[in-house]
Amino acid sequence: MDTGGFPLSRSTQKENRRWLDPNREGRGGRRSGRYCARCGTTVQSARILKGLNLCEFCVRELEKARDGRWSCLGCGKIAPDQLRKYGGYCKDCVCPACGRPDPEAVHKYGMCRQCMTQVGEFCRRCGKEAAAQVRKNRGLCDACAKEVQSGR
Ligand SMILES: [Zn+2]
Ligand SMILES: [Zn+2]
Ligand SMILES: [Zn+2]
Ligand SMILES: [Zn+2]
């Protein structure tokens, strides 16, 4: 799924909290000295992504680049620690069952194509045949999904 790139105009409250803003932090206070770790743009002239110290311009550039270091090779999401963990992909692009990257299938079905074929219609935990549930719960039937979620 394409999220339409960078959420500037329709930023939500939650999205805003991830950023240092020229209109807030840029005007003074202990975070007014923050700047982009990549290009040096200061919080006075651009929004800075808090966790990573990247300015909004760099974020946009990196999202497009999909370099596998800053941004996910599959979807362009900026998540360097996830990329390190999953070999260039964010956690939304790797199969939750086997860890294999398969952005297209994982976004669509919640698991990679290989697991889809393997799992087919059977719960990978209890083996029950329940095609619709298994597809919905990424390889688990409703009962098992509930148990796993509650930490069993
Ligand atoms: Zn920058
Ligand atoms: Zn991704
Ligand atoms: Zn898989
Ligand atoms: Zn089950």
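Please treat every number below as a calculation from the coordinates, not as lab data. All values reported here derive from a predicted model rather than from experimental measurement. With ideal geometry, Cβ positions are generated from the backbone for all residues, glycine too; neighbour counts draw on all protein chains shown.
For the peptides 15-26, 129-140, residues were scored by their other Cβ atoms within 10 Å and the scores averaged per peptide; the highest-first order is 129-140, 15-26. Taken over the chain, lysine pairs spaced eight or more positions apart, or on distinct chains, with alpha carbons under 16 Å apart number 10.
Given 20 °C and 1.002 mPa s, compute D for the chain with the Stokes-Einstein relation, Rh being the Kirkwood radius over Cα pairs; round to the nearest whole µm²/s.
Reported coefficient: 123 µm²/s.
Between the helical axis of 56-65 and the dominant principal axis of the chain, each derived from Cα atoms, what acute angle in degrees is found, rounded to the nearest 10? The two axes meet at around 40 degrees.
Computed from the C-alpha gyration tensor, the three semi-axes of the ellipsoid equivalent to segment 103-149 are 17, 11, 8 Å, from longest to shortest.
Tell me, Lys85, Lys77 in order of fewest to most beta-carbon neighbours within 10 Å?
Lys85, Lys77
In nm, what is the difference between 0.36 nm times the number of residues separating Lys50 and Ala37 and their Cα-Cα distance? Before the final figure, lay out each step's value.
Values: separation 13, 0.36 × 13 = 4.68 nm, distance 1.10 nm.
So the chain would gain 3.6 nm between Lys50 and Ala37.
Which FRET efficiency value, to the nearest 0.05, do you get for Asp81 and Arg17 by plugging their Cβ-Cβ distance into 1/(1 + (r/R0)^6) with R0 = 22 Å? Numbers along the way, then the final one.
Details: r = 19 Å, r/R0 = 0.85.
E(calc), rounded to 0.05, equals 0.75.
Label separation (Phe122 vs Arg24): 5.2 nm, computed from points 7 Å beyond Cα along the C-beta direction. Averaging the sequence gap over all C-alpha pairs within less than 8 Å and six or more residues apart, then dividing by the number of residues, gives the chain a relative contact order of 10 percent.
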